[in-house]
1. Can you tell me which residue in segment 99-114 is surrounded by the fewest Cβ atoms within 10 Å (Cβ to Cβ), limited to those that are in contact (Cβ under 8 Å) with a residue 40 or more places away in the chain and assigned to a loop (DSSP other than H, G, I, E, B)?
2. Using the structure shown, decide if Thr163 is in contact with a helix residue (DSSP H, G or I) (Cβ under 7 Å, 6 or more places away or on another chain) and crowded, with 22+ Cβ neighbours inside 10 Å.
3. Just to be sure, is Thr53 at pLDDT 50 or above, surrounded by fewer than 20 Cβ atoms within 10 Å (Cβ to Cβ) and either in a helix (DSSP H, G or I) or among the hydroxyl-bearing types (Ser, Thr, Tyr) (or both)?
4. Within segment 69-84, how many residues are touching a helix residue (DSSP H, G or I) at 6+ places or on another chain (Cβ under 8 Å) and not polar (S, T, N, Q)?
5. Could you please tell me which pairs satisfy a Cβ distance under 6 Å, a separation of 6+ or placement on different chains, a first residue in segment 123-138 that is in the same structural domain as Tyr104 (by TED's automatic domain parsing) and without any contact (Cβ under 8 Å) to a residue 60 or more places away in the chain, and a second residue that is part of a loop (DSSP other than H, G, I, E, B) and of a type outside the set (S, T, N, Q)?
6. With Ser64, Ser127 as the choices, which residue is of a type outside the set (A, V, I, L, M) and over 16 Å from the mean Cα position of the chain (by Cα)?
7. Would you confirm whether any residue within segment 209-216 is among the β-branched types (Val, Ile, Thr) and exposed (fewer than 14 other Cβ atoms within 10 Å of the Cβ)?
8. Looking at segment 180-190, is at least one residue in the same structural domain as Arg244 (by TED's automatic domain parsing) and under 17 Å from the mean Cα position of the chain (by Cα)?
Amino acid sequence: MAYAHLMNGKGLIRIFAAVCLAITLVILVPRWFEPTGLRKVASAAPGKHLTYTSHFPLTENPVSEGANWANGQTAALDWANVRTVPGLAFGTETAKVTTAPGKYDDSTALLTGDWGPDQTAEATVHSVNQNDNVYEEVELRLRSTLTPHRATGYEICFRCSKTAKAYTQIVKWNGPLGDFSYVKIVQGSQYGVANGDVVKATIRGNAITVYVDGARVLQVNDDTFKSGNPGMGFYIEGTTGVNRDYGFTSFSATDQ
């Protein structure tokens, strides 16, 4: 009788309190340990959209942010990975190979998940010690894929320069290392990027539009790739050991 009374009184109160504590921990603990500077949606219900935003709060090589990124070397073998330190994403390309196709092993990272075909990618540029004798490019990726020995999709690249030798390019990656084709190139100081610039690329149907600091700099139509994921990349040619001189301090993508 005493045991039954306990279960009907204090015992039930203790069980109820334990259940409430367990529910609270399940809800709050993941939020306590989620890195600041990272807002993500890894999957979406039918009819919904994916979004991803990061200010790169972690030190990771390669970048993962909870398995939200797939990398060039890890996933596709022939390209380089992207790494991060707090506040910066940058490439790991050594630039020691100076001949094609090996020199085109751009550092590449694509978001994981099932992304819709209409995509926007946007990033804030980090660039110091600019030198026109060196090719440093920051890249946005749209409708892109990485599988062993194959990388496909659209690359939108910006040279880290503000001289007449600067450029913006839209490039198609056709699969094997070094197999790419130019869709369109524009050259001039207004098409390059400097520290703090915001670059953006969108694809709607077959229309690719490119922006620098909100100004449209390039638009083309191309029907080659119908699906794939957004992402980022970096390329260097002409020197070694300066990977942290250029990169992104933030990145966001959506398929809205």
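The values are calculated or read from the model by the stated rules, or taken from the named source; none is laboratory data. On a predicted model such as this, the values are computed, not experimentally measured, just so you know. Every residue, glycine as well, gets a Cβ built from its backbone with ideal geometry; the counts of neighbours run over all protein chains shown.
1. So, considering only residues that are in contact (Cβ under 8 Å) with a residue 40 or more places away in the chain and assigned to a loop (DSSP other than H, G, I, E, B), the one surrounded by the fewest Cβ atoms within 10 Å (Cβ to Cβ) is Ala100.
2. no
3. yes
4. 4
5. Here the result reads Asp132/Lys165, each pair linking segment 123-138 to a residue that is part of a loop (DSSP other than H, G, I, E, B) and of a type outside the set (S, T, N, Q).
6. Going through Ser64, Ser127 in turn, just one is of a type outside the set (A, V, I, L, M) and over 16 Å from the mean Cα position of the chain (by Cα): Ser127.
7. Scanning segment 209-216 turns up no residue that is among the β-branched types (Val, Ile, Thr) and exposed (fewer than 14 other Cβ atoms within 10 Å of the Cβ).
8. Looking through segment 180-190, none of the residues is in the same structural domain as Arg244 (by TED's automatic domain parsing) and under 17 Å from the mean Cα position of the chain (by Cα).
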